[in-house]
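Working notes, structure below.
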Amino acid sequence: MKKGKILIIDDERSLLESFEMFLSEKGYIIECAINAQEGLNKSRLFRPDVIILDVRLPDMNGIDLIEKLKERQCPIIIITAFHDMETTIKAVKSGAFEYIPKPIDVEELENAIEKAFKSLDSSSDGAREISGTLENEYEEGRIIGKSKIMKEVFKAIGILSENRVTVLIEGETGTGKELIARAIHMHGPYKNEPFRAINCSAIVGTLLESELFGHERGSFTGAITTKKGKIELAGEGTVFFDEIGELPLELQPKLLRFLQEKEFERIGGERRIHSNARVIVATNRDLWQMVQDGLFREDLYYRLSVTTIKVPPLRERKSDIPLLVDYLLKKINYTLKKNIKKIEGHAISEMMKYDWPGNVRELENIITHAAINARSDVIPSELIIPLLGKKFFAKEQMAKKELTLQEIEKDYILKILENTRWHLGKACEILGISRPTLRQKLKDYGIAHQSRL
């Protein structure tokens, strides 16, 4: 049974003969060319589905030839004996689907060809696809979801944006709490006023107090000028306190006073400053439990929780994952200047089964990592599935203080090799390293396995 048409362009006649024999036996229709010009001519007449191209040809550089072959709109697999960093980067940037060094691992080549043909199938396994101009469709800061639980969040945003009541947003790390705070601000009557965000866990002590309330010149060492704080700079707008549970106990009375009186003083100042800034806070901790444990003021808790929005974790709205994938691909295409159209259906299915402890942030990190390593406009399953749970692996190993960085790296390499069934090409792709580098690491760490290097 014929599988499709492949054009091979290489100046080694013996290699052409070997490839033609091997791939013909696999059911492919093969045409060969000994130089770039012959390859161009045959690409127009033969109309191949996939092209295998050597980088070094007698009449033209293979990288330059890719530009002329792009009109064929088919995957191009680069093969070369010159696998230096510069050539690899040029091949990838030129749009090569895959890059395979000589001597050729036939298993790796066959897998690359199968993936290339699979990418041609627009219905590929029920993959999610984006249509239209991706860059123009991306809208920064959108909150994605059609699940019932997210519709309730959207309703709350609509209601709260019309007033200036203090809002407490609760949710796990990575659920998009700041996006919701910004949405409340941007849909309100004061949307043209500043939105000032501060992470209470990132700044400590006097510096945090200064960030919030400002300071007068000379009020402490290093205060060489007067500085306005976030609350003062917000004007009639919004101040967003992320990780409010990390606000030091000694600063909590000062924030409480501002919420009650709408007034504050800069560090070292005596003048009371009035502010109409709205306050929205977020936390991934149980604030009420912190109150019970004596770690958070009860009166401040009641002031902050006038109204509460609970942001659901991704595992409780898995039906939104396909929508999130579509949006994140648009975002990645926009920021990385890529043109990823879809993720293979099997990967989507596995993503729907995964519990996403890192929530939407973890989803974005995984898709971004896979998109960077993708060689076509389709992200294959093998670039996604091994990353599911990767965060836990790293976290679990880092918790063991006796492990060195080298030991952690060794364990991670072993995990990727096992996930890819010791396919070294796939392992290199996921690890983001070259095959010689992987060989050296296997040697350094004493890792041995029955596999072709």
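Would you mind getting me the FRET efficiency between GLU316 and ASN192? Use the beta-carbon distance for r and R0 = 25 Å, nearest 0.05. All intermediate terms of the calculation are to be shown ahead of the outcome.
On the way: r = 35 Å, r/R0 = 1.39.
After rounding to 0.05, the efficiency reads 0.10.
Taking the Cβ-Cβ separation of GLN292 and LEU336 as r and a Förster radius of 56 Å, what is the calculated FRET efficiency to the nearest 0.05?
Efficiency at R0 = 56 Å is approximately 0.75.
Please list, short to long, the whole-number percent of alpha-carbon pairs of region 148-311 in consecutive 10 angstrom bins beginning at zero.
For region 148-311, the pair-distance distribution reads 11, 40, 36, 13, 2, 0.
So for the chain, averaging the separation of alpha carbon pairs under 8 Å that are six or more residues apart and normalising by length, what relative contact order in percent results?
Relative contact order here is 14 percent.
Among SER305, ILE372, SER43, flag the residue with its Cα farthest along the positive direction of the charge dipole of the chain, charges on Cβ as +1 for Lys/Arg and -1 for Asp/Glu.
About the Cα centre, the residue reaching furthest to the positive side is SER305.
Restricting to Cα atoms and excluding each atom paired with itself, what does the Kirkwood estimate give for region 259-299 in Å?
After inverting the pairwise mean of 1/r, the radius is 12.8 Å.
Which one, ALA116, ILE144, ALA234, is farthest towards the positive end of the dipole of the chain when Lys and Arg carry +1 and Asp and Glu -1 on their Cβ?
Farthest towards the positive end: ALA234.
Helix 36-46 versus the longest principal axis of the chain: what is the Cα-based angle in degrees, 0 to 90, to the nearest 10?
Between the helix axis and the principal axis of the chain, the angle is about 90 degrees.
If I fit a long axis through the Cα atoms of helix 321-336 and take the longest principal axis of the Cα atoms of the chain, what angle between them do I get, 0 to 90°, rounded to 10?
80 degrees
Give me the percent of DSSP beta bridges within the chain that run antiparallel, rounded to the nearest 5.
15 percent
For ASP11 and ILE29, calculate 0.36 nm times their separation in residues minus their Cα-Cα distance, and state this gained length in nm to one decimal.
Net length gain for the segment: 4.5 nm.
Determine Rg/Rh for region 4-120; Rg is computed over alpha-carbon atoms and Rh is the Kirkwood hydrodynamic estimate from the same atoms.
Values: Rg = 12.6 Å, Rh = 13.8 Å.
Taking Rg over the Kirkwood Rh, I get 0.91.
Mind jotting down the distance between the C-alpha centroids of region 294-342 and region 150-229, whole Å?
For region 150-229 versus region 294-342, the Cα centre distance is 17 Å.
Once amide H atoms are placed 1.01 Å from N in the peptide plane, what residues at a sequence separation of 5 or more from ILE100, or on another chain, have their amide H within under 5 Å of its amide H?
Counting only residues 5 or more places away or on other chains, the set is ILE78, ILE79, THR80.
Which whole-number percent gives the relative contact order of region 148-311, counting Cα pairs below 8 Å spaced six or more residues apart?
Taking the mean separation of contacting Cα pairs over the length of region 148-311, I get 33 percent.
Take every DSSP beta bridge with both residues inside region 148-311 and express the antiparallel ones as a percent of the total, to the nearest 5. Walk me through the intermediate numbers first.
Numbers: 3 of 21 bridges.
Counting DSSP beta bridges with both partners in region 148-311, the antiparallel share is about 15 percent.
7 Å from Cα along Cα→Cβ at both ARG439 and LEU414: what's the point-to-point distance in nm?
The two pseudo-label positions are separated by 2.4 nm.
So which GluC sites (Glu not before Pro) in region 219-322 pass both tests, a DSSP loop state and at most 15 other Cβ atoms within 10 Å of the Cβ?
Passing both the DSSP loop test and the Cβ count: GLU236, GLU250, GLU270.
Which of the peptides 367-376, 66-75 is most tightly packed, and how do the rest follow, going by the mean number of other Cβ atoms within 10 Å of each residue?
Highest mean packing first, the order is 367-376, 66-75.
Return an integer: the convex hull volume of the alpha-carbon atoms of the chain, in Å³ per residue.
195 Å³
What does the net charge come to around ASP59 if you take all other residues with beta carbon closer than 10 Å to its beta carbon, with K and R at +1 and D and E at -1? Provide the component values of the computation, followed by the final result.
Numbers: positive: none; negative: ASP11, GLU38.
Net local charge, ASP59 excluded: -2.
Size of the dipole of the chain about the Cα centre, Lys and Arg at +1 and Asp and Glu at -1 on the beta carbon, nothing else charged, in debye to 20?
Approximately 760 debye in magnitude.
As I understand it, the value is the acute angle between the Cα axis of helix 435-444 and the longest principal axis of the Cα atoms of the chain; what does it come to in degrees, rounded to 10?
Value to nearest ten degrees: 70.
Given an 8 Å cut-off on Cα distances and at least 6 residues of separation, report the relative contact order of region 4-120 as a percent.
Relative contact order comes out at 22 percent.
May I ask which residue of ALA156, PRO58, CYS32 lies farthest towards the positive end of the charge dipole of the chain, with charges of +1 (Lys, Arg) and -1 (Asp, Glu) on Cβ and the Cα centre as origin?
ALA156
Here, each number is a calculation from the coordinates, and none is a lab measurement. Bear in mind the structure is a predicted one, so any value in this text is a computation, not a measurement. Glycine also receives a Cβ, built like all others from the backbone with ideal geometry; neighbour counts cover every protein chain displayed.
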